[in-house]
Structures are given as structure tokens and as C-alpha cells.
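Bear in mind that the values in this text are calculations on the coordinates, not laboratory data. Predicted, not measured: the structure shown is a model, and the values here were computed from it. A quick note on method: Cβ atoms are made from the backbone with ideal geometry, for glycine too, and the neighbour counts reach across all protein chains shown.
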Amino acid sequence: MTVAVGSETVMASPIRFITSLTHTLQADKQTVIADGQDSILYTVNVRDAADRPVANSKVQWSADNGQLLDKQEQTNSQGEATARLVSRTAGMATVSAEVSGKMLNASPVTFKRLLKPAITVDKTRAAADGEDRVIFTVTVTDIHGQGLADKVVDWSGNLGEMIFAEGWTDSQGNATATFVSRHAGPALVTADVGEQPIVSSVEFIPPLRLVDTVAVDSEGGNANQKSFGIRGPFVFWHGAKFRIITAGNTGGVNWQSDSPSVMVSGNVVTVQQNPDGVRFTDTDETGQQVELTLTVHTWFERSGLTEDFYSNANQICQSLGSRIASKYALEQLCKEWGNFYLYDGWVREFYVTSTDYLAARSGSAEHQAKWVFWAETDRWTRNAWAMTGFACGKQQY
């Protein structure tokens, strides 16, 4: 710039105008995992006084923890340059960028210790009975596989109830939870460790249960439509058969007995000897079990397939350690099993009993003083036959 003063021209010293720039350095997140992969993106932004991007500004990056990757060393047409920071060392980190002689420092960020949670379950199927317990175990380790203690574990699940849950890992890095359900279906259990949720599942199946026992007649059916309920029958004889019915089993049933007094085929039981106290166990394909224990109130040592004179029948029964079945014993048989001539071991016949009809009169035959029973209709009458069907039996209670 020059100025004329009289006859002289005066020139001022040169003035230099410097562009006013705005520099910023920002991170896209404040916390990441120290696994060498989870990264933070840093962006340098350079703008002039008119808020226009400034390209080609040189950028020098540095960090006090970790490694800077994909560094852009000059700004682009948008006035930006970026770099990514990763680290395998837990702790704080600060990134700096020198832009055209100006040093920029970003706010410190945190690299969290890498947690590697894993979850296991002790079974994949359980009974939906509210009692079959499923144990989930979460194990938290570091990048080197060492268990991490005192890590918070937040448990949650659907379709059931968490009856026990450890909220902190132990010295080995483990925490457990116990889960039960009364609802059939797939259940999910989640363990949230350091905002890292991991999920495991278990399928709750309808519980195996005993629902009924029913009579089996000589044709393999149940013509009398007799049901004994879950207790089983109380009256038995050699060859008596009944069927055990279950529900909720997975796959086929596998009934077994602890006694040679019975024979089991599938779910049909055939009595061989007095089965009092015999226990049956059914196991399905998932390992669920259900049991049935028999209680005998009346046992027929010999069922009624033959006829004989009363005196001979009495001797036969005594030789078996029994006696001619009483009126009450046959009543109980009929009450529980129905028309019993439909079962193996019995015929459609009148059966004499040991129960007196009236006191024997002088000169009357012994059999004429006894009740007889018609096997088909629960019909009682005075004995009028010298030879009748008979059975040997007695009460056990």
C-alpha cells in the first residue's frame, strides 16, 4: 500500500492475512471392548472462517493406548480425515492429531476388559412339573481363558421360574441359575454379562404320569369297562391281567418290575404269584420315570376253573394254605373286576363259598349250608348242588 505525501510517495510495510481455521477431533463412541477388533472411529474436521471445508490439510495421528488403523494423513474435500483405534489392553486411551501445526486432543475413551461369557445347561429336556430342575451355568473368562471373578450376571427367562440365581461369578468365573416350569414348550434363559447377553434353551415336555389302570379280559380287551385308577386293583389271582396307562411319555413305555410275581409285556401286567408290594417303574425315552406299587386286599390262590364236592374243594384249598373263598371275597372280586367269567382263570358257573347260609341241620350236607354265587350277575343263592365251582382265597388285611 502506497500514499502520496506532497512530492513523495510513502510505501507501508506488507500486511499478511492468515486464513482463520476451525479444527475439531471427535470419536464416534466412548467405550469399546479391548479385543483388538472393536474400534473407535476418530474424525478430524477442518473448516475456514466461512465454515467451508478445508482440503489437503496435513494430519499426524498419535495414541497413548492401542493401535491406530486406516489413518488418513490429509483432509479430503469435505475437510475430514479419519482413523480407527483398536486395543487389546483394557484401560483409558487418548488420541491426538496435529493439524497444520495445531495439536488436537480427543476426550479420553475406555477399552473394557474383554469378557468371553459362555453358557451351558445340564439337560436339554425336562418335565413341565414344576419340580424337574434345569441348571444353567455361565462361565466368564478373559481373552486368555482365565475365569473372571465378581462379574455381574443378570439372569432372565421365559415360560418358567428362576428358583435360584447367582448374581456374581465366583473365583472360577462361574455363576449358576436353576430353572423350573409347569408349562410345556421351549424356554429361553438369558445371562447378561457386561451388556453381553447370551442365551440357552431347554424344552419342557409334559410330565410322564400314571393316569389309569384297567382290566384286561381273556380276549385282550376290557369288556366289563373296569378301571382301577392310579392305585391299581386290590383283588388278584393267578393269571389276572391289567393294563397300565400313562400320559406325557416321550416315545414308547418301558415298564419293569422288581419281582418275579408278575410278568410285564409293554404296558400289560400278568400276575404269576401274590403281587402284594410289587413295584413297577416306567421310563420313557427322556429318562422320566413313574412308579406303581400294588397292594393286595384279596388273593385267590386258586381261581375257579373246576367243579368238585365241597369236602374235596375244602381239602384242595387247605393243601394250598388257603380256604374256599368266602362270600365277601367273591363279592370284592365281582365289585372290582365285574363279570369275572370273562377273565382267564374263571368260568361261567355257580361258585360255592365258605360263608354259611344257615346253620347246618342234623343230617344235612355241609355244602347245603353255604352261599353260592353266580359269576355273571352278582346273584347269591343257597347251594342246591353237590358239585359246584370253587376258588381258594382269603383276605390279607
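Hey, can you rank 110-123, 158-171 by average C-beta count inside 10 Å, highest first? Walk me through the intermediate numbers first.
Numbers: 110-123: 16.7, 158-171: 14.2.
Ranking the peptides 110-123, 158-171 by packing returns 110-123, 158-171.
Give me the net charge of V262's neighbourhood, meaning all other residues with Cβ under 12 Å from the Cβ of V262; Lys, Arg count +1, Asp, Glu -1. Walk me through the numbers before you get to the answer.
On the way: positive: K241, R279; negative: D258, D276.
Here the charged neighbours net out to 0.
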(request) Return the sequence-ordered ³J(HN,Hα) values of the range 55-72 in whole Hz as given by the Karplus equation 6.51 cos²θ - 1.76 cosθ + 1.60 applied to θ = phi - 60°, using x for Gly and Pro. (result) 8, 6, 7, 6, 10, 10, 9, 7, 8, 9, 7, x, 10, 8, 10, 6, 6, 9
(request) Amide H neighbours of A240 under 5 Å, at least 5 residues apart or on other chains, H built in the peptide plane: list them. (result) V271
(message) Between helix 327-337 and the chain, what is the angle of the helix's C-alpha long axis to the longest principal axis, kept within 0 to 90° and rounded to the nearest 10?
(response) 40 degrees
(request) Name the residues whose placed amide hydrogens come within less than 5 Å of the amide hydrogen of K123, ignoring near sequence neighbours (fewer than 5 apart) on the same chain. (result) I135
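Can you sort K394, K151, K71, K29 from fewest to most other Cβ atoms within 10 Å of each residue's own Cβ?
Values: K394 17, K151 20, K71 14, K29 11.
By the 10 Å Cβ count, ascending, the order reads K29, K71, K394, K151.
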(request) List the residues whose amide H sits under 5 Å from the amide H of G232, counting only those 5 or more places along or on another chain, with H placed 1.01 Å from N in the peptide plane. (result) T213
(message) If you average the alpha carbon positions of the range 264-317 and of the range 169-238, how far apart do those two centres end up, in angstrom?
(response) 28 Å
(request) Arrange the following residues from fewest to most other Cβ atoms within 10 Å of their Cβ: V95, V268. (result) V268, V95
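Work out, step by step, the length gained on full extension between R52 and S171: first 0.36 nm times the residue separation, then minus their alpha carbon distance; give nm to one decimal. Each step should come with its number before you reach the end.
Working: separation 119, 0.36 × 119 = 42.84 nm, distance 5.72 nm.
Taking 0.36 nm per residue and subtracting the Cα distance, the gain is 37.1 nm.
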(request) State the cysteines of the chain left without a partner when partners are defined as other cysteines whose beta carbon lies under 4.7 Å away. (result) C334
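Arrange the following residues from fewest to most other Cβ atoms within 10 Å of their Cβ: T139, T281.
With the sparsest Cβ surroundings first, the list reads T281, T139.
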